[in-house]
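Notes follow the structure.
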Amino acid sequence: MRRLVVRHRILIVVAVVIVAIGGLWWTKTIAFTRSSPVAFTAEPFAYVPRGDPSDITSTVIAALPFSNDEIVRLVTERIVNTYGGNRSEYESSLTIKDTTAVAGKVVYARGRTPLSTQRIANYGAVVLCDLVNEAVFAHTGQARVAFMVFTD
């Protein structure tokens, strides 16, 4: 009888360990995605559909002749310099894509919690605004052409 109890204890311990390891693995696979749009226009807070006469996307593209991957690299370098952290961590969690809804780009972030993910997306959008404004100012002398669009 004693052997049977010891045997069951071992099985219970093994089952608990397997469930714990599986639970930890499962929580590690959870990832949240958040975005932060950046609009290109000479008038902040004005909705500028792509193709509108006041759309200055071509000016921004001329001033920023980089691919989205190169922009991500530049953004992550500046995030690390400004906010601290690990460059590879930001690079792996940030994506910057063109948007079809408005003249601009969208910064996407992936992370472990909703708050940290939104924070990374906002960091990326602020830095992208700065980069675009610096590049356009150097190219055209126009002071402010990019701004963040806050979303919930």
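Okay, here's what the table says:
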quantity	calculated
Ordering of 116-126, 87-97, 8-18 by burial proxy (mean other Cβ atoms within 10 Å per residue, highest first)	116-126, 87-97, 8-18
Extension gain (nm, one decimal) between Glu134 and Ile30, 0.36 nm per residue minus Cα-Cα	33.8 nm
Within-14-Å neighbourhood charge of Ile120 [Cβ basis; K, R +1; D, E -1]	+4
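Bear in mind these aren't lab numbers, they're just calculated from the coordinates by the rules spelled out. For clarity, every value in this text was computed on a predicted model and none was experimentally measured. Note that each Cβ is placed from the backbone with ideal geometry, even for glycine, and that neighbours are counted across all protein chains shown.
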